[in-house]
Amino acid sequence: MSYTNADNQTLNQNRANYWLVVWENLSRNRLWQFLLVAAGSASSIVDPHAPLVGLAVVSGSTLKRERAIATAIVIWFVNQLYGYTIRQYPQTFESFAWGLLMGAGTLAVCLVSTIRPRFSHKDWKGHLLWLGLALVSGYILFQGSVILAIELSGRHGLTEAILWRIFVKDASWAIALSLVHRLIAWLSMPRKYSQTSRS
């Protein structure tokens, strides 16, 4: 079937409207929230250093603010619980302080991600652009606070190689979860809007 330019504009506008409706529906969806919490909890089992930035960014950019905050806090709490029980983190003031710093950083990244500027509402590409911007700014915010705390405590700083590995891990989790979110959104859209328009 061929489309005229007017048909393409209408289809693109309808697709954008449906993207916003689908995003709104998913942002209130308990199943999506549960999937994020499950993925975040699993990440603590796989790696002692959970990708808190990536998880917080996806939570903040795909859930309503209250749900996003609750999700980020639960993911951080499970990470800490797992660390102090299974991984046997030292139960010292310094260790608890680091845990609280990570929690505050996770919450800050999540809040930044919930800003969702107007361009991110238009379509998947805008959403993806915001996700990338939120990931980079959230990473700088989170790791900047960690580096500052390290410097103030007089400990050895993080190397560029370590910081890069952490960023790649956070980005990988954010991309993977965003693709799952996109798939669910795509499956939720009427078929005629999820297909690529042809001229």
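For region 50-77 and region 114-143, what is the separation of their Cα centres, given in Å?
For region 50-77 versus region 114-143, the Cα centre distance is 14 Å.
For the charge dipole of region 5-194, defined by +1 on Lys and Arg C-beta atoms and -1 on Asp and Glu C-beta atoms about the Cα centroid, which residue among W98, Q33, G138 has the Cα displaced farthest towards the positive pole?
Comparing the listed Cα positions along the dipole, Q33 ranks first.
About its Cα centre, how strong a charge dipole does region 5-194 have in debye, to the nearest 20, once Lys and Arg get +1 and Asp and Glu get -1 at the Cβ?
Working: 17 positive and 9 negative charges, 137 e Å.
In debye, rounded to 20, region 5-194 gives about 660.
Of K64, K125, how do they rank once you tally other Cβ atoms within 10 Å and put the fewest first?
Ranked by crowding around the Cβ, least crowded first: K125, K64.
Report ³J(HN,Hα) in whole Hz for each residue of region 22-39, in order, from the Karplus equation J = 6.51 cos²θ - 1.76 cosθ + 1.60 where θ = phi - 60°; Gly and Pro get x.
Along region 22-39, the couplings run 5, 4, 4, 5, 5, 5, 10, 7, 5, 5, 4, 4, 4, 4, 5, 5, 5, 5 Hz.
List the relative contact order of region 5-194 as a percent without decimals, with contacts defined as Cα pairs under 8 Å and 6+ residues apart.
Details: 197 pairs, mean separation 56.7, N = 190.
Worked out over region 5-194, it gives 30 percent.
Throughout, read-outs are computed from the coordinates displayed, never taken from laboratory work. All values derive from a computational prediction rather than experimental measurement. So basically every Cβ, Gly included, is an ideal-geometry build from the backbone, and we count neighbours across all protein chains shown.
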